[in-house]
Amino acid sequence: MNQVASQSTQVEATVVKNSTLTSKMPSNPGSQAGSGVTKPVSPEIINELSGTQITNVKAISAADANKSFIERGWNAPYDSSTQVRQFTTVKEVEFVRGHTESNVAGQFMVRADEIKGMTAQQILQHLALPSIPTHISDVKVPAGTKMQVGTIAPQPLFGAPNKGGTQYQLLQQIPLNNFYNTRPLK
Amino acid sequence: MIRHIDAGIANKILNIDNNYQLALLDGFNDLFKKEPLEVSRNIFLIKTDGQVIWRIYSKNDKFGDSFTNIYEKDGKFKAYRWDGGQYDIDIETGLATPEILIR
């Protein structure tokens, strides 16, 4: 456990699937986090994280998180007015991924609660996707996996002029068979 | 240099015509030895006997993300990469051109 986690002995392990790691986290526009700086986790965040199985939590700017996408020639996936949190899983955690038949296995995913009960059209809007998802898959993320999480940037070209929900991104590739239980979206 | 691919080790095969196939291998395949510049070029055009005609390449290979799917769309061959992008495949040369981030 790094210094961030050690500042609060209440940071336990939780399946990120059920956490409110991002929904309760302030954007901290005036924070001193900067790029790659491990900052103390506020009491509010610590309480929400109770039972969370993550470690090495640090905040980076959306600009830093978007940089690698811009370099590849893509649009920025993270909202520029917010911060992105990076972390490492300590135990296996579950996510879900909405997709078409073309892109089953990829680095972006969400917590199940993020899109629970949504129709495909609603998911399209909420996640600012370029095409309507036809399927949803479960994703098993192994312990020790580096990830980051942040607010989805507006994608006006995809009919999503406002910033969207919360997306998680794998910062390292996981096996294809970790994407499983693919089923049609209703 | 990979000169021959056994279609049996491919994650997915697309038939181009009676003689040629597009083969997608798993980026974790031991053939690539976890080398980023090998992993990121995991699509091959092969003859039906497995002879490699070309190996895919793109300006984003250096980032080390493998492709996870190949498919036809609107009469053209496409590939989806771990980085979230859809790429257009030039079937003549193997050049993969980034098209859109579909996440």
Next on the checklist: Looking at the stretch A:131-163 only, could you name the residues that are within 11 Å of chain B (Cβ to nearest Cβ) and over 15 Å from A:Trp74 (Cβ atoms)?
Outcome noted: A:Ser131, A:Pro133
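Here is a yes/no grid of residues against (1) over 11 Å from the mean Cα position of the chain (by Cα); (2) on the phi > 0 side of the Ramachandran plot:
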residue	(1), (2)
B:Leu25	no, no
B:Lys33	yes, yes
B:Asn42	no, no
B:Leu45	no, no
B:Trp54	no, no
B:Ser66	no, no
B:Lys73	yes, no
B:Arg103	yes, yes
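Go through the residues of the stretch B:60-68 one by one and say whether even a single one is part of a strand (DSSP E or B) and more than 12 Å from every other protein chain (Cβ to nearest Cβ).
no
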Item to check | Filter result (more than 13 Å from every other protein chain (Cβ to nearest Cβ) and not in a strand (DSSP E or B)) within the stretch B:39-59 | outcome: B:Arg41, B:Thr48, B:Asp49, B:Gly50, B:Ile56
Checklist entry - Just for the stretch A:74-130: of the residues that are under 12 Å from the mean Cα position of the chain (by Cα) and under 16 Å from A:Phe158 (Cβ atoms), which one is farthest from the other protein chains (Cβ to nearest Cβ)? => result A:Tyr78
Next on the checklist: Of everything in the stretch A:65-75, what is charged (D, E, K, R) and crowded, with 17+ Cβ neighbours inside 10 Å? Give them in sequence order.
Outcome noted: A:Arg72
Checklist entry - Among the strands (runs of 3 or more DSSP E) contained in the stretch A:99-173, which hold 3 or more residues that are open to solvent by 20 Å² or more (accessible area, probe 1.4 Å)? => result A:135-141
Checklist entry - So B:Thr97 fits all but one of (1) within 18 Å of A:Trp74 (Cα to Cα); (2) in contact with a His (Cβ under 9 Å, 6 or more places away or on another chain); what number is the exception? => result (2)
Checklist outcome for this item: For the stretch B:79-103 the number of residues that are buried (at least 19 other Cβ atoms within 10 Å of the Cβ), facing another protein chain (nearest Cβ under 9 Å) and in a strand (DSSP E or B) is 5
Next on the checklist: For the stretch B:27-52, which positions are surrounded by fewer than 13 Cβ atoms within 10 Å (Cβ to Cβ) and among the acidic types (Asp, Glu)?
Outcome noted: B:Asp30, B:Glu35, B:Asp49
Item to check | Cβ-Cβ under 9 Å pairs, at least 6 apart or on other chains, the stretch B:25-38 side within 12 Å of chain A (Cβ to nearest Cβ), far side assigned to a loop (DSSP other than H, G, I, E, B) and aliphatic (A, V, I, L, M) | outcome: B:Leu25/B:Ile5; B:Leu25/B:Ala10; B:Asp26/B:Ala10; B:Phe32/B:Leu25
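The values are calculated or read from the model by the stated rules, or taken from the named source; none is laboratory data. Keep in mind that this is a model prediction, so the values were computed, not measured. Cβ atoms come from the backbone with ideal geometry, glycine included; neighbour counts cover every protein chain shown. All accessible areas refer to the heavy atoms of the entire protein, side chains included, with ligands and DNA or RNA removed. Shrake-Rupley method; radii C 1.70, N 1.55, O 1.52, S 1.80 Å.
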